[in-house]
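The block underneath contains the structure these notes are about, expressed in structure tokens.
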Amino acid sequence: MDVKFVNSHVYPMKDVFSSKYIVDFYQRAYVWSKKHMEDLVIDLTSDFLRQWKSDYTPKDVENLDPYFMGEIILAAQEGRYAIIDGQQRITSLTLLLIYIKHNFGNLPNFPDINNMIYSDYFGEKKFNLEIEDRLECMKALFNNGSYTLINSDTDSVKNIVARYNDLVEVWNNKITNENIIPFTY
């Protein structure tokens, strides 16, 4: 009898996004709506702003209360993790990281968040969330901050582009050049 174990751990976001993920064929498409993305941005930024003080350094952020993002259920599979539950959040947070990189990444001392999005995988550049039908879209968003839809794009790709574009509208304008670095940490 093959014995399987279920391990439960709490991980910081930077640890979650340093792993490689795949989504099995039976998982649903990326279906988040603008309201989901707006709620995510409001929750993250409000929690940060509730605790942040203008004299804080990025190091001070380490002592802020953690924000619970919910459970992500994974299954180890060929050097990566198959996402059983959490694909919507991981995709949305990846889009948020790309948005932050494009809008604030040129600031002095901005943290290198590229490896949380797209990193080396045994000599190949791969997204930490690698889903074949989304690759061209994700590459374009990562490299250019935009993607032009084509007829053959899946519903997931259409939703990814829409949610990325929604970030412009739902971004909390209280997160500015003054506090984006601590927020990113």
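Structure values in brief
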quantity	calculated
Prolate/oblate/rounded label for segment 76-145 (Cα gyration tensor, a/c 1.5)	prolate
Phi to ³J(HN,Hα) by Karplus 6.51 cos²θ - 1.76 cosθ + 1.60 over segment 90-103, Hz, x for Gly, Pro	5, 4, 5, 5, 5, 4, 4, 4, 5, 4, 4, 4, 6, 8
Per residue accessible area of the chain, 1.4 Å probe, in Å²	61
Length gained when the stretch Lys139-Asp85 is fully extended (0.36 nm per residue, less Cα-Cα span)	17.1 nm
Gained length - Lys14 relative to Ser46, 0.36 nm times residue gap less alpha-carbon distance	9.6 nm
Separation of alpha-carbon centers, segment 114-156 and segment 16-30, rounded to whole Å	13
Gyration tensor verdict on segment 1-94 (Cα atoms; rounded if a/c is under 1.5, prolate if a/b is larger than b/c, oblate otherwise)	oblate
Using θ = phi - 60° and Karplus 6.51 cos²θ - 1.76 cosθ + 1.60, couplings along segment 145-161 (whole Hz; Gly, Pro as x)	x, 7, 8, 9, 5, 10, 4, 7, 5, 6, 4, 4, 5, 4, 5, 4, 5
Built amide H within the under 5 Å cut-off of Tyr118, gap 5+	Asn128
J(HN,Hα) series, segment 48-63, from Karplus relation 6.51 cos²θ - 1.76 cosθ + 1.60, nearest Hz, glycine and proline x	4, 5, 4, 9, 6, 10, 4, 8, 5, 9, x, 5, 5, 5, 4, 9
Asp24 paired with Lys53, simple spin-label distance in nm, labels 7 Å along Cα-to-beta-carbon	4.9
Point-to-point label distance, Asp120-Asn177, nm (Cα→Cβ direction, 7 Å offset)	3.3
Rounded, prolate or oblate (a/c below 1.5 giving rounded, otherwise prolate when a/b exceeds b/c) for the chain by Cα gyration tensor	oblate
All aspartates and glutamates inside 19 Å of Lys14 as judged from Cα atoms, apart from same-chain residues fewer than 8 positions distant	Asp43, Asp47, Asp60, Glu62, Asp65, Glu71, Asp85, Asp112, Asp120, Glu130
Lysines whose Cα lies under 21 Å from that of Lys174, excluding same-chain neighbours fewer than 8 positions away	Lys34, Lys35, Lys53, Lys59, Lys101
5 angstrom amide H check on Tyr81, placed H, neighbours 5+ away	Lys20, Tyr21, Ile22
Nitroxide proxy distance, nm - points 7 Å out along Cα→Cβ at Glu132 and Ile150	1.6
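The values are calculated or read from the model by the stated rules, or taken from the named source; none is laboratory data. Bear in mind that the values here come from a model prediction, so they are computed numbers and not experimental data. Backbone-built Cβ (ideal geometry, glycine too); neighbour counts: all protein chains shown. Just the protein is used for accessible areas: all its heavy atoms, side chains included, with ligands, DNA and RNA removed. Shrake-Rupley method; radii C 1.70, N 1.55, O 1.52, S 1.80 Å.
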